[in-house]
Amino acid sequence: MPAMKTILNCLLAAGVVVLAGCSSTPSRVNTGPVHADTFSFVTGRPAPPEYAEKRAQIHRLIQNAITTNLTTKGLSRAPAGGDVFVAYLLILGNNVSTTDVNDYFGYGRDSDALLDKAHEKSAIDSQNPNYYEAGALVIDVIDAKTYKLLYRNYAVRQVLRNLPEDARAERIQQAVDQALTGLRVTK
């Protein structure tokens, strides 16, 4: 069990390095309290192909977790046209490659730069000989009128396959809570 804990700690430390590297694309942004009453999600891309069928389930779990967190901060979810937009990006990597799922990150944004940063600084360069899969959830809060990025943070987790949905939902909620821990909302 200590070896597994060491591997997990290495993964988490590497994941922090993944997004903390130098670049013109910031991995963390916090411009201070967000003044809003409502939020809505960035409009998703067209439906993914059939082979990506689990995406809808994952997006539902992520959006439910974000909604739960933001509701506790005093924001209400609007189907569209909220005071702020919430966008999120999943970055997934293993010993061989890094990819992103940017269905709800929006167009014309810097998902490719974040993916490049993750790939360049990933644990792929580490000395860990064991196979691993890790993922980062990047969450942005954007002013709906000015489109200014108000808040960005992320959480990194080891990817665990074949979890029951309730356990998966709990892990996603923990990652969302970590990513949004520094977000302050004022009315």
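Contour minus end-to-end for Asp37 and Lys145, with contour as 0.36 nm per residue of separation and end-to-end as the Cα-Cα distance?
On the way: separation 108, 0.36 × 108 = 38.88 nm, distance 1.37 nm.
Separation in residues times 0.36 nm, less the Cα-Cα distance, equals 37.5 nm.
Looking only at the range 65-92, which residues have a backbone nitrogen under 17 Å from a spot 7 Å from the Cα of Glu170 in the C-beta direction?
65, by backbone N distance to the label point.
Go through 61-72, 152-163 and give me the packing order, highest mean Cβ count within 10 Å leading. It would help to have the intermediate numbers written out before the result.
Numbers: 61-72: 18.2, 152-163: 16.2.
Top to bottom by mean Cβ count within 10 Å: 61-72, 152-163.
Using just the C-alpha positions of the range 58-187 as equal point scatterers, what log10 of I(q)/I(0) does the Debye formula give at each q in 0.21 1/Å?
-1.33
Starting from the Cα of Asp177, step 7 Å along the direction of its Cβ; do the same at Ser97; then give the gap between the two resulting points in nm.
According to this spin-label approximation, the distance is 3.4 nm.
Here, each number is a calculation from the coordinates, and none is a lab measurement. Keep in mind that this is a model prediction, so the values were computed, not measured. Because the Cβ atoms are built from the backbone with ideal geometry, glycine has one as well, and the counts that use them run over all protein chains shown.
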